[in-house]
Structure formats: C-alpha cells, structure tokens
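The values are calculated or read from the model by the stated rules, or taken from the named source; none is laboratory data. As the structure is a prediction and not an experimental result, all values here were calculated from the model. Here the Cβ positions follow ideal geometry from the backbone for every residue, glycine too, while neighbour counts run over all protein chains shown. Ligands, DNA and RNA are stripped out before the accessible areas are found, and what is left, the full protein with its side chains, is counted by its heavy atoms. Shrake-Rupley method; radii C 1.70, N 1.55, O 1.52, S 1.80 Å.
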Amino acid sequence: MPTAPRRSPAGRLGILLVLPLAPAFIAVLRFILPYYQSTENADVVRDVTAHQGSMNAVIWLGFLASLTLPVAAVLAARPFAVLAPRLTTVAEFLLVPAYLCLSWLVVGDAILLRGVRSSVDTATIGTFFTGLHPVADLAVGIFVVGHVLGTVLLGVAAIRTRAVPLWAAVALTVCQPVHLIALVVLGSPTLDLIGWGLNAVAFGVIAVTIVRTSEA
C-alpha cells in the first residue's frame, strides 16, 4: 500500500475514534429502538409512549451517526482505493449518499417523540411519521439500498486487496446482510446489534490500518 503523508496526533485520534464510533452509534440505536418489532402505527406510538427515554437516546444517537457516518465512509475507502479503484468508487457512490440521507430518518423519529409528548392523537402521529413527505420516503430507500450494498462492495474490495486482515474484511462484507436478516426476517434487535457491531469492529481495524500506514 502506498505510504500516506504523516498525520498529526489529533488527526490520527480523529480517525481512530470516528471510524468505529460511527457504526457503533447505530448498533446501540438499533438495540434500544422501542418500536423495533412494531409494524402498525398504533403499536409504534404505544411503544414510544412507554419508552420515551429510550426514544430520546435513539434520536441523539441517530444525530451523532448522521454527523459521523458520511465521514467514516469516506475514510474507510482509503486503504482499498488504489488496489481496487472500481469497487471502492462504486461502494463510495452508494455509501456516502446513503449516510447523508440518515438525517431524514432521525427527523421522523424526532417528530414521533414530539407527537407523543404533546399528547397528539395516534392517527395524526402515524400520518406524520409514515407520510412526512415523498422526499423522506426517497431518503429511506437510498439509505437502505445504499448502506447495505455499499458496505458489501467495500468488504469485497477489502477481501481482494488484503489491505486489512481477512477476518476483518469478511466481517465488513457480512455485517450489513446480518443487519438486514435481523430486521426483515427475524426481527431481532440482538442480531442487529451484532451486525452493526461487526461493522464497527471492521471500521476500527481499517482505522488502525490507516494510522499505521501514515506513520510508516
């Protein structure tokens, strides 16, 4: 791998923190999300009403993730860009817009909690939450497709280049399919935590690789 310019201690610390923490925020968010297994609006409102503290934490975690994940996605591509340029470029074109759209999901959750705290009727809250604006629906679609497919492609680039240990590359490749299975098939917050946790671990390994390369 080509040697990168030396970074300042603050720059190295930023990389070591941002890369693993960004997906870790989502890992915790998915695990504590009050309405994880709810499909009907009435059930969603009921769950949020019963767990308003957890919902407030979800919104803060989502906010932190929306700030850090786009940056983490750009940084995570660094070790693979030279040896697998096409795969890495496609992965970035999927990942960065996807993570930029995450803030729309956070806004929906914030509106949901505000409605519950303001004692707005369930039907109205549900309308605002699920029918906020067509742009919100588009953002959700971009996020779902982009972050799953983009992470898989980045993992394949990691496997091909051997720029990080193979186990970390495999973890990066499978982490989002695990998340998708947890969400769509099994409805398991615990498995979702594992999926996003694998993402955090893999990004942490990438961060260490970037820092070590810059110090070589």
Quick one: which of L112, L64, L95 is at negative phi, at pLDDT 95 or above and open to solvent by less than 40 Å² (accessible area, probe 1.4 Å)? L95
Just one listed residue, out of R117, R86, R78, R162, is at positive phi and over 14 Å from the mean Cα position of the chain (by Cα), and it is R162
With respect to R162, determine if the residue is among the charged types (D, E, K, R) and either in contact with a Pro (Cβ under 9 Å, 6 or more places away or on another chain) or under 23 Å from P34 (Cα atoms) (or both). no
Go through (1) surrounded by 19 or more Cβ atoms within 10 Å (Cβ to Cβ); (2) farther than 21 Å from Y35 by Cβ; (3) not small (G, A, S) for L138 and report which single condition fails. (1)
Step by step: first the residues of region 141-159, then only those that are touching a Leu at 6+ places or on another chain (Cβ under 8 Å) and open to solvent by 30 Å² or more (accessible area, probe 1.4 Å), then the one that is farthest from L198 (Cα to Cα). Which residue is that? V145
P79 - would you say it is within 21 Å of L132 (Cα to Cα), modelled with pLDDT of 95 or more, open to solvent by less than 50 Å² (accessible area, probe 1.4 Å) and not in a helix (DSSP H, G or I)? no
